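**Student:** What follows is a structure written as structure tokens; I'll ask about it next.
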Amino acid sequence: MAKVLKVYQKGNDKEIATGDATSVAITGLAAGTVVADGDYQVAYVDGDQSSDKVDVPGFTVLTAKPADPKDVKTTATADGASVSAD
């Protein structure tokens, strides 16, 4: 079996995600969530052997990019234009 990276919530022995040999994704967190150092831990697993768990550094989940403006309209003015969008 190949070596994979697994993520665990601190204090839990059941993995919440499995990646490949170099990366793993933590998903399902709301935008803006602040995760403290050590809230999650990772370990390499190869078959039935596992490395020690290592704390994941803290991070904040990014907020989603706003949607692109739609129905952009312009109206000429005496000195430029008025722009509106939905």
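The values are calculated or read from the model by the stated rules, or taken from the named source; none is laboratory data. Since this is a predicted model, take the numbers as computed values, not measurements. Here the Cβ positions follow ideal geometry from the backbone for every residue, glycine too, while neighbour counts run over all protein chains shown. Ligands, DNA and RNA are stripped out before the accessible areas are found, and what is left, the full protein with its side chains, is counted by its heavy atoms. Shrake-Rupley method; radii C 1.70, N 1.55, O 1.52, S 1.80 Å.
**Student:** Determine whether segment 36-48 contains at least one residue that is of a type in the set (Gly, Ala, Ser), open to solvent by less than 80 Å² (accessible area, probe 1.4 Å) and more than 30 Å from Asp13 (Cα to Cα).
**Tutor:** no
**Student:** Which residues, taken from segment 50-73, are over 16 Å from the mean Cα position of the chain (by Cα), of a type outside the set (A, V, I, L, M, F, W, C), surrounded by 10 or more Cβ atoms within 10 Å (Cβ to Cβ) and in a loop (DSSP other than H, G, I, E, B)?
**Tutor:** Ser51, Lys53, Pro69
**Student:** Could you tell me which of the residues Asp71, Asp48 is out of contact with any Asp or Glu (no Cβ under 6 Å at 6 or more places or on another chain) and of a type in the set (Asp, Glu)?
**Tutor:** Answer to the check: Asp48.
**Student:** If you don't mind, there's one more thing I want to ask. Here are some residues: Ala81, Ala76. Which one is open to solvent by 80 Å² or more (accessible area, probe 1.4 Å) and at pLDDT 95 or above?
**Tutor:** Numbers: Ala81 fails: open to solvent by 80 Å² or more (accessible area, probe 1.4 Å).
Ala76 is the lone residue from the list that is open to solvent by 80 Å² or more (accessible area, probe 1.4 Å) and at pLDDT 95 or above.
**Student:** Find the residue count for segment 19-48, including only residues that are part of a strand (DSSP E or B) and within 30 Å of Pro66 (Cα to Cα).
**Tutor:** The qualifying residues number 3.
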